[in-house]
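Trainee: Structure provided below as structure tokens; questions to follow.
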């Protein structure tokens, strides 16, 4: 049967309840993150982009690229970018509405998940607010979430994740994290990863992805170190009994060869790209993997005739200078200038989205091996006969071994280095 015929069937059964309630007449195949993970696994040695939609035009370009590539896609926003205190106009509560509208406008026929990335829990004091806020994300159309309590010690990370899981629908994609993203500082270990995943499993919690501190950083990558391949592969292999995929953070700072290897030689199916898409949409000069190229003074190089208009760029740069923003802090321009960006002429808006589209398409097809994975996502829905694909593994661990008392005792025996204190959000 043709893909379009199967797509039509998947539209009827594959959209989660929050999506069908919010968008009853939509033809956008917005799906659980589980669908996208399973699509990559079905193709094998493939990962797709989790595109951080810091702006409407980034979302547009990423969706256009996925359609060209016939690839399953994740559109996401992190809590720092789009939470209650954020620096982007796109947020947890409007991102699904933007994606749905664009999918219908552009006649997108690939499955797309809406992911709340890095829902950060910095201390146990954050839990009461999170218990109230997390349900609102799913009410607004989120279909997948990353509970990131990696800022805390391992026992608190695990206990916070267990506490908050009751607020996540069982059908939703779920990502857990061990180790803050700090570059080469505080690298994750097999023991830490096993501790988190075993503990969750003992409480009938089965993540689709795990994110590690495996050598990358958020934002602009100044180092050539990047992803530590052997460490990543070793940890994924140690977790093989739990059938969990990898989520790669800090992707923007890694060259294409390294990213091809992470797709081919590890169990990674989700690769987050944020800063690169922002820089590309604005019209900055970048290298082949989206890292901004700086001039001799350390300033960004704006390519004339690309990205935002020259007049708006001058205004954006002047505002950044007034605020004392440089380097990665240019991210703060997103919230300030989104409306002015959207108020530019259509030809400028189109070239911004097209630049993102071309970059994302190249990564999906030539680097991530995600081309033609939409078919596998639709097949997974039809095979399950539902929007809920269930978990990839059942309970292996005994609940009696993962009481709070035993979690505390087990964490105390871990030999870990969390790296320096600091704000490593982006």
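The values are calculated or read from the model by the stated rules, or taken from the named source; none is laboratory data. Since we're looking at a predicted model, the values are computed, not measured. Because the Cβ atoms are built from the backbone with ideal geometry, glycine has one as well, and the counts that use them run over all protein chains shown.
Trainee: When you look at residue 327, is it out of contact with any helix residue (DSSP H, G or I) (no Cβ under 7 Å at 6 or more places or on another chain), closer than 30 Å to residue 366 by Cα and touching a residue at least 60 places away in the same chain (Cβ under 8 Å), yes or no?
Mentor: Judged against the criteria, residue 327 is a match.
Trainee: Taking the stated definitions as given, is residue 389 assigned to a helix (DSSP H, G or I) and in contact (Cβ under 8 Å) with a residue 12 or more places away in the chain?
Mentor: No.
Trainee: Among the numbered criteria (1) modelled with pLDDT of 95 or more; (2) under 30 Å from residue 200 (Cβ atoms); (3) in contact with a helix residue (DSSP H, G or I) (Cβ under 8 Å, 6 or more places away or on another chain), which single criterion is violated by residue 336?
Mentor: Failing condition for residue 336: (2).
Trainee: If you take the residues of region 15-29 that are touching a residue at least 12 places away in the same chain (Cβ under 8 Å) and outside any helix (DSSP H, G or I), which of them is surrounded by the fewest Cβ atoms within 10 Å (Cβ to Cβ)? Steps first, please.
Mentor: Taking region 15-29 first, the residues touching a residue at least 12 places away in the same chain (Cβ under 8 Å) are 15-19, 22-23, 26-29.
With the extra rule that they be outside any helix (DSSP H, G or I), the set shrinks to 15-16, 23, 26-29.
On the way: 15: 24, 16: 26, 23: 20, 26: 16, 27: 14, 28: 25, 29: 25.
Top of the filtered list is 27.
Trainee: Another question about this same structure. Can you run down the residue pairs with Cβ atoms below 6 Å, 6 or more apart or on separate chains, where the first is in region 268-297 and within 22 Å of residue 309 (Cβ to Cβ) and the partner is at pLDDT below 90 and in a helix (DSSP H, G or I)?
Mentor: Filtered contacts from region 268-297: 275/252; 276/252; 290/252.
Trainee: Could you tell me which numbered condition residue 282 fails, if it satisfies all but one of (1) farther than 24 Å from residue 302 by Cα; (2) out of contact with any helix residue (DSSP H, G or I) (no Cβ under 6 Å at 6 or more places or on another chain); (3) modelled with pLDDT of 95 or more?
Mentor: (1)
Trainee: Right, another one. Considering 375, 355, 408, which residue is farther than 27 Å from residue 172 by Cα, under 27 Å from the mean Cα position of the chain (by Cα) and surrounded by 14 or more Cβ atoms within 10 Å (Cβ to Cβ)?
Mentor: Checking each option against the conditions leaves just 355.
Trainee: Could you figure out which of (1) in a helix (DSSP H, G or I); (2) within 16 Å of residue 99 (Cα to Cα) isn't true of residue 12?
Mentor: Only one criterion in (1) in a helix (DSSP H, G or I); (2) within 16 Å of residue 99 (Cα to Cα) is unmet by residue 12, namely (2).
Trainee: Next question, about the same structure. Could you tell me which numbered condition residue 310 fails, if it satisfies all but one of (1) at positive phi; (2) free of Cβ contacts under 8 Å to residues at least 40 places away in the same chain?
Mentor: Among (1) at positive phi; (2) free of Cβ contacts under 8 Å to residues at least 40 places away in the same chain, the lone unmet condition for residue 310 is (1).
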